[in-house]
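Contents: one structure, followed by commentary.
Every number here is computed from the coordinates shown, using simple stated rules; none is lab data. Because the structure is a prediction, the values reported are computed rather than measured. Note that each Cβ is placed from the backbone with ideal geometry, even for glycine, and that neighbours are counted across all protein chains shown.
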Amino acid sequence: MGIVLWYSPLPSSQFHSNFNDLVSSISTLIPNNKLNIQFNEFEHDEYSKKSSSSSNSNGNNNSSINSSRTFNRYGFNILPPHITLIKNIPDDVEIFNKIIKIITTTLHTEEKNKKENEILIKDIKFNNNNKFFENCILEVDKNSIYILLSLITIITDIVEGVPKQSNDPSVFNPHVSLSYSDCKFSTQLDKDMIIDRVNTYLKINLFQNKEPNSVDWFVRMNSVNSNKKSGRFYIVNCEGDIDKWSVLRSIDV
């Protein structure tokens, strides 16, 4: 995956709290779930040095985090829930800065143009394509994240070097992972136990109705003067051990 762009709920949100409780609960059913990250003493690396230099020279505002940190250093012991929007971002500080600027300018709009969409969960999948990172996922309804999909297009059109993202559902399938694991769900009983806990902790009704489920997580286009935040974007270096994945930029919108 390399360097990626994530969209996550705010750490203070109810959905973030419910997600943590859910992952903790199902970890008893999924051995060695790597969403649970181990504490480490990973120090700032070259990204930090480059980011610090860039910050000093470009005068970046304080709303974005300009040093490289593992999620431990943010106080997380479980990776935050997230939708991966863009993969294989070049390792370039100027590109990181441009992406953050586009996010800010795109989602800050005139008061009359405010938009708000609640993110909807439409399904749960197990052993998806036999991928480690899609061992157990909640599929996101694409219509509910059209603002994010438009943002992907804007970024890849404007920022040179950021690759176009495929629309092929087998390649780009917006989702929230509940586990990173090689565990195989071989019986329906195993799956039913997970589904039951998802419904309980996220307060939704997967498979009990035909409509996608809301989870109290939003994508908003707000006035630049609004104090109402809906989520957090992370630019993350996903190279190496998951415990050492590092945040290169972060901004709340």
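Would you mind putting 237-244, 79-86 in packing order, based on average other-beta-carbon counts within 10 Å, highest first?
Result, highest mean first: 79-86, 237-244.
Measure up 98/131; 164/191; 184/229; 87/125; 98/229; 34/101 against 29 Å on the Cα-Cα distance and list the ones that go over. Please list the in-between numbers first.
Working: 98/131 31 Å; 164/191 35 Å; 184/229 38 Å; 87/125 21 Å; 98/229 21 Å; 34/101 32 Å.
Checking Cα-Cα distances, 98/131; 164/191; 184/229; 34/101 exceed 29 Å.
Quick check on packing: order 182-190, 88-96 by the mean number of other C-beta atoms within 10 Å, highest mean leading.
Packing proxy ranking, top to bottom: 88-96, 182-190.
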